[in-house]
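Where a number appears in this text, it was derived from the coordinates with a stated rule and is not lab data. Small disclaimer: the values here were computed from a predicted structure and weren't measured. Cβ placement follows ideal geometry from the backbone for every residue including glycine, while neighbour counts extend to all protein chains displayed.
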Amino acid sequence: MTLLRSIWIWGTIAFTFLLTFPVMLLLRLVERDPARYRTGRLFRWAGSLITHVNPLWDVTVEGWAHVDDPRHPYVVVSNHQSTIDIPLISRLPMEMKWVVKVELMKIPGFGQMMQMADDIPVDRKDPESRSSVLTRAQRVLEKRCSVMFFPEGTRSRDGRLRRYQDGAFRLAIKAGVPVLPLVVEGTLDALPKNDWRFQQRAHLRLKVLPPVPTTGLTPGDAPTLRQRVREQTAAQLAAWREVPVAAVDSQSPPPASEDVTDKNDAA
């Protein structure tokens, strides 16, 4: 059943994007908004359908009340567990341009749709590409549109929070916009890394945390800002899992081994 369900879901996704492509192309040609806001929103809507077509997925989205204006520009950051993070986050009723691996732009059809939506490709092996991302992202923010980063850089294999990189936080400080932290959970259970088969049951969670202001911060404050946001994310994951924060943080030292020597064996 898992195999058949996965084939059906991927087929539904492909059919949805096939229908969306010409509409996006037309909208892109006529839209006057410099941020291509409506074109991007149509793309996100199509992508979010993946979280609707599996009846065995229970989806919970919380915290949207923290955003009072979808056109207020944010640097949005989220932990990253699975490919399903992308359609789950696309449920949010705001447009944001995603910083994505350049390899995704090479997927026939899908890559062209990402280009029409003005997403920002990055070649992680090319230093010039990485540096140009922040310049392009700042231009997006100036058009009153948010930018989306996965600051871990790649998906977590075990669901533990990986190290955050500084780029998104340096951008937020330079542009003078707040950081909007997101927390996702359960997507690793829905679609594990390096597997195309959807698992049967999963509870997908997405929570929008309160925006973190950057007013008065300098570039030297980026590591502190990064750590503050990361700690908030780790705390939320730990609360959901009902475990200590150290259990969800890949950078936490392992607990000290207990002395299991039987005192009765002591000489």
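If you look at just the Cα atoms of the range 2-251, how large are its Rg and its Dmax in Å?
17.5, 54
Hey, with R₀ at 45 Å, roughly what FRET efficiency would R201 and R32 work out to, going by the Cβ-Cβ distance, to 0.05? Don't skip to the answer; put the middle values down first.
Values: r = 45 Å, r/R0 = 0.99.
Efficiency at R0 = 45 Å is approximately 0.50.
Could you pull out every whole DSSP H run in the chain that spans at least 15 Å of Cα extent along its own axis and averages 0.0 or higher on the Kyte-Doolittle scale?
2-30
Sorted from largest down, give the three principal axis spans of the alpha carbons of the range 24-169, whole angstrom values.
41, 38, 35
So, in nm, how far is label W64 from label R163 when the simple model puts each one 7 Å beyond its Cα toward the Cβ?
Output for this residue pair reads 3.7 nm.
Using the number of other C-beta atoms within 10 angstrom as an exposure proxy, rank D195, D118 with the fewest first. Working shown, then result.
Details: D195 11, D118 22.
In increasing order of surrounding Cβ atoms, one gets D195, D118.
Checking the a/c ratio against 1.5 first, then a/b against b/c, what shape does the Cα gyration tensor give for the range 66-108?
Numbers: a/c = 2.24, a/b = 1.74, b/c = 1.29.
Prolate, because a/c is 1.5 or more and a/b exceeds b/c.
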